[in-house]
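These notes concern the structure reproduced below.
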Amino acid sequence: MKDRMVISLAARRHGIIDRQKLVNAIRFLLPAGSFDELKIPLYVTSTDLNSGEEIIADRGDLVEAVVRSSSIPGFVKPLETGDQIVVDGGVSSPVPVRALQKGEVEITVAVDVARREVKPLGDFSLIELMSRVDQVRGVRLADELSRRADLAIRPKVGSAHWSEFGRSDQFISAGREAAENALPKLDRLIRQRSGVWWYNDYDRLLPRVRRAGTSNSQVHMHAIHLNCLPSCVNLLAE
């Protein structure tokens, strides 16, 4: 009887989390409501399940764009608009490097948090089998997309699931460590692309990035890409 109720629920509902609750949470967390209010250009991705195509938002309602990008299939009800069914951008692009191809970006930094740690399945269930298939596919897609970036940062998240919010401090620390380890390579990339030796004191750069806060190194389920050259110049000028 219990199994039949679960199957019936899955057949009738498109998600277990009310979309309006997600809208309210995102509106509370974001410091801006429109793309126009942002100081750094931002591209937010989502996926149309009918076409399979990636949707890239860079203007208009910021809250709506983030909600669409956070609509994890099976958990949050997708947005049905026109002939589109819009869900999480990670479905089509777990490392959204392609979104930057429409902008004038000199250096692309990708943050890849794919679950690469796996254990032998052993005596597995159908759900475990499907989960492992999805994990392997996601890692391979993330690898392929990361190769398109100039620099890929891969925090050590092990086999952590995206829903383990109770471990956020651990993930933030892992992201910070991975970002700091990548700074020498980023410094070399900036000098190579600029064609001049505009900054050669790495020991001074690292403390400045640390004082800037965690936003440049925090682990995200959706990778954040910045136009690194002007961002770093602005950071050093502070």
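The values are calculated or read from the model by the stated rules, or taken from the named source; none is laboratory data. Keep in mind that what you see is a predicted model, and the values were worked out from it rather than measured. Every residue, glycine as well, gets a Cβ built from its backbone with ideal geometry; the counts of neighbours run over all protein chains shown. Surface accessibility is based on the protein's heavy atoms, side chains included, excluding ligands, DNA and RNA. Shrake-Rupley method; radii C 1.70, N 1.55, O 1.52, S 1.80 Å.
Please determine, by comparing only the residues of segment 157-214 that are among the basic types (K, R) and at pLDDT 85 or above, which one is surrounded by the most Cβ atoms within 10 Å (Cβ to Cβ). Among residues in segment 157-214 that are among the basic types (K, R) and at pLDDT 85 or above, the one surrounded by the most Cβ atoms within 10 Å (Cβ to Cβ) is R176.
Hey, among A25, A32, which residue is in a helix (DSSP H, G or I) and not acidic (D, E)? Answer to the selection: A25.
Looking only at segment 140-155, decide whether some residue is touching a residue at least 60 places away in the same chain (Cβ under 8 Å), of a type in the set (G, A, S) and either assigned to a helix (DSSP H, G or I) or touching a helix residue (DSSP H, G or I) at 6+ places or on another chain (Cβ under 7 Å) (or both). Yes, there is a match, as at least one residue in segment 140-155 is touching a residue at least 60 places away in the same chain (Cβ under 8 Å), of a type in the set (G, A, S) and either assigned to a helix (DSSP H, G or I) or touching a helix residue (DSSP H, G or I) at 6+ places or on another chain (Cβ under 7 Å) (or both).
Just to be sure before I move on: is L121 in a helix (DSSP H, G or I), of a type in the set (A, V, I, L, M), open to solvent by 30 Å² or more (accessible area, probe 1.4 Å) and without any contact (Cβ under 8 Å) to a residue 40 or more places away in the chain in the structure I sent? In short, no. Across segment 133-144, which residue is surrounded by the most Cβ atoms within 10 Å (Cβ to Cβ) among those that are under 25 Å from F75 (Cα atoms) and of a type outside the set (K, R)? Looking at the filtered set, the residue picked out is A142.
Take the residues of segment 45-73 that are among the acidic types (D, E) and over 15 Å from the mean Cα position of the chain (by Cα): which is least open to solvent (accessible area, probe 1.4 Å)? My answer is D48.
When segment 4-30 is examined, which residues are found to be β-branched (V, I, T) and at pLDDT 80 or above? Selection gives I17, V23, I26. State yes or no: is V133 on the phi < 0 side of the Ramachandran plot and either small (G, A, S) or within 20 Å of the chain's Cα centre (by Cα) (or both)? Criteria not met by V133. Looking only at segment 74-104, residues that are assigned to a loop (DSSP other than H, G, I, E, B), touching a Gly at 6+ places or on another chain (Cβ under 9 Å) and open to solvent by less than 60 Å² (accessible area, probe 1.4 Å) come to 5 in all. In the condition set (1) outside any strand (DSSP E or B); (2) among the hydrophobic types (A, V, I, L, M, F, W, C); (3) touching a helix residue (DSSP H, G or I) at 6+ places or on another chain (Cβ under 8 Å), I127 is compliant with all but (3). Of all residues assigned to segment 130-141, none qualifies as being at pLDDT below 80 and charged (D, E, K, R).
In segment 55-68 there is no residue matching the filter, namely being within 20 Å of S131 (Cβ to Cβ) and not in a loop (DSSP other than H, G, I, E, B). Of all residues in segment 58-106, exactly one satisfies the criterion of being among the basic types (K, R) and touching a His at 6+ places or on another chain (Cβ under 9 Å), namely K77. Among the criteria (1) open to solvent by 30 Å² or more (accessible area, probe 1.4 Å); (2) over 18 Å from P96 (Cα atoms), the one L42 does not fulfil is (2).
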